[in-house]
Every structure is written in structure tokens, then in C-alpha cells.
1. Once fully extended, how much extra length lies between residue 138 and residue 35, figured as 0.36 nm per residue of separation less the alpha-carbon to alpha-carbon distance?
2. Residue 100 to residue 146: extension gain in nm, 0.36 nm per residue of separation minus the Cα-Cα distance?
3. Would you work out if the range 80-153 is rounded, prolate or oblate? Take a ≥ b ≥ c from the square roots of the eigenvalues of the alpha-carbon gyration tensor; rounded if a/c is under 1.5, else prolate when a/b is larger than b/c, oblate otherwise.
4. Provide, as a two-decimal number, the C-alpha radius of gyration of the range 37-142 over 2.2 N^0.38 Å, N being how many residues it has.
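Here, each number is a calculation from the coordinates, and none is a lab measurement. Owing to the predicted nature of the structure, the values given are computational and were not obtained by experimental measurement.
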């Protein structure tokens, strides 16, 4: 009977033979950065503009937030939509930050401003944020505990 190590070695050799080359060992991913603060922006769509506001946020805010995540300015981000008929807000945009200063961290603010300056706003049906909805609130949350979750986008 083969040991676990011998089985792994035999399996890798077989895969290499099938592929006709060397099997690369996957790089060890850097540990995820700890989220210390989450900042949420709450948005309310103007009448009849709920879907368009969501499209605008996806085409603009999420694109810039992904760039900020790639540059390690953010630890994560997500966009949630409230149930139909919920009055206070329609969308909650949440962004995680690695420092207690959140967006106000000088490196984060400077880095995101460069992203924003380089971003060309995508209009939805010729309309921007001012024609689609309003920011109705924001809040800052100190993260006490987190366990990973994923959403389909």
C-alpha cells in the first residue's frame, strides 16, 4: 500500500506525463488582509429608476472598487439591494478597509482619488447618479468578527 506522500508523488508524475511537461506548484496566496472598518453608503433610487441605479453602480462604483481592491486599498466590497418596497434605501454599498481610518487613511484616499480621476463615468440611458438616485445615508462600522462569504455577481 502506498503512503499519502507516495500517492501524491505518483499522481503528480502521472499528470506531468499526460500534460507533456512539468507540473507547476501553485503559488501560495498571500493571507487576506484583515478588515478593520466597513463603510456603507445607502442610496435611494428616484421613482422608476431602481434597476438603472443598480446598473450605474455596477458599471461605475464596482469597477472602481475592484481597482482599489486590486491595489490593496480595500479589503473587500459588496453591493446589496433591499427588498422591493423597503422605504429608507434601495442599495447599500459596503467597502472594507484594512485600517481604522477607513477611507480617510491618507494612502487610501490618495490612491482612490487617482482611480476616480482615471475612471470615465458610464451613463445608463444617458443618465448619471444625479438623475437616477440619491445618497441618503452612510455609516461606519467597526468590524468585530467576520467569516467569509461569497455572492454571485
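1. Numbers: separation 103, 0.36 × 103 = 37.08 nm, distance 1.79 nm.
Gain on stretching residue 138 to residue 35: 35.3 nm.
2. Details: separation 46, 0.36 × 46 = 16.56 nm, distance 1.56 nm.
This chain segment gains 15.0 nm when fully extended.
3. Details: a/c = 1.84, a/b = 1.12, b/c = 1.64.
Because a/c hits 1.5 or more and a/b fails to exceed b/c, the range 80-153 counts as oblate.
4. Numbers: Rg = 13.9 Å, N = 106, 2.2 N^0.38 = 12.9 Å.
The value comes to 1.07.
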